[in-house]
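The values are calculated or read from the model by the stated rules, or taken from the named source; none is laboratory data. Note that the coordinates shown come from a computational prediction; the quantities given were computed from them, not determined experimentally. Ideal geometry is used to build each Cβ from the backbone, glycine not excepted, and the neighbour counts take in all protein chains shown. Side chains included, ligands, DNA and RNA excluded: accessible areas come from the protein's heavy atoms. Shrake-Rupley method; radii C 1.70, N 1.55, O 1.52, S 1.80 Å.
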Amino acid sequence: MVIPDRKSKVRKIVISESHLKLLLCVAGVVFVIIAAVFVDYASLLSQSIENKRLHAENAELRGQFQVIEGKLNSLESALDRIKTFSTKLKLITAVNDPERGLNLAMGPVARNARGADELTEPDQQRAPASKMLEEPVFKAKSLQDLTTGELAREEDHDYARLSIRIDQVSKISQLREQGVLELWELLQDRSALLAATPSAKPTQGWYTSRFGYRLSPYTDKPMMHEGLDIAAAPGTPVFAPADGTVTFAGYDAGYGKLVIIDHGYGVETRYGHNSEVHVSVGQKIRHGDRIAAVGSTGRSTGPHLHYEVRVNGQPIDPINYILEE
């Protein structure tokens, strides 16, 4: 019954039992549909929020991964430079090695794909690669693929690879440290040898011709170039790369104005094509003393310094004696 205000009539509505049941069923179905839609919407909203969070975390981890990988690359480069430096020092100070001249002529052994330190390390001290994969240096949270819901395999692969590299660098750094300590102990007893070893670039300039066979600028035929040509402006100072005694200071038909320094231990250096010579025969030279000036005298095609290093009379690649290279 619907009872209105005073002016309207009372209305009576009669609903049969069957209609009432039908109405209740329809209402129940509508309620269930509305509830399902609401639950599904809430689930999608929650998943969307979670996906956004994972996406942000993924981006942050990628950034951190790139930073770590960049630092690792720098560390590997630094270790390579330390290895080259140590190798050169060992070669040029190994006075008791009967094959010293041959080793210097060949230069430092190139690092292979696996790394020389890995190959020289005892097998029993190396963990298998599978163990490295099982125990990475750091463990990152597995990220969920935003489209398929599966774990991101690519991230796992990258982090495992970086973990292996970090483990290798850690072992190599220990080997480098041991090598440097042994070298330091060796050089403590050879301070005179080290002072007499030509270990610096004698003048500022750029290399125009390296040690080895080349086409002669005069005959256009292959000819052995027994030194290193460093181009520079005329008058650029030439400095002694080590202690020694001047054994020649004068003019030579091929070298032009030439200076030869005997450093002892069978090591001799030559400086050719100079415009000026500032030393005399018999003069004692200290590392860093000015001995000449760059020129273009003798058989020369332009202003440059022809720099030679000889060990027991045998020409050696001067690059092996320049430690900053």
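Okay, here's what the table says:
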item: Single match in A196, A232, A192 (criterion: crowded, with 17+ Cβ neighbours inside 10 Å, modelled with pLDDT under 90 and more than 23 Å from the chain's Cα centre (by Cα)); result: A196
item: Condition check for T247: outside any loop (DSSP other than H, G, I, E, B), of a type in the set (V, I, T) and open to solvent by 20 Å² or more (accessible area, probe 1.4 Å); result: yes
item: Single residue of the stretch 279-309 satisfying the filter (touching a helix residue (DSSP H, G or I) at 6+ places or on another chain (Cβ under 9 Å) and open to solvent by less than 40 Å² (accessible area, probe 1.4 Å)) that is farthest from D252 (Cα to Cα); result: V309
item: Residue check for T219: crowded, with 19+ Cβ neighbours inside 10 Å and either of a type in the set (S, T, N, Q) or farther than 28 Å from L193 by Cα (or both); result: no
item: E69 vs. criteria at pLDDT below 85 and more than 30 Å from A195 (Cβ to Cβ); result: yes
item: Verdict on I316 being under 32 Å from the mean Cα position of the chain (by Cα), at pLDDT below 95 and open to solvent by less than 10 Å² (accessible area, probe 1.4 Å); result: yes
item: In the stretch 212-243, the residues that are part of a loop (DSSP other than H, G, I, E, B) and within 14 Å of Y271 (Cβ to Cβ); result: E226, G227, A232, T236, A240, P241, A242
item: Within the stretch 28-72, tally of residues that are open to solvent by 100 Å² or more (accessible area, probe 1.4 Å) and within 25 Å of S163 (Cβ to Cβ); result: 5
item: Failed item, numbered, when A253 is tested on (1) open to solvent by 60 Å² or more (accessible area, probe 1.4 Å); (2) within 36 Å of the chain's Cα centre (by Cα); (3) at pLDDT 85 or above; result: (2)
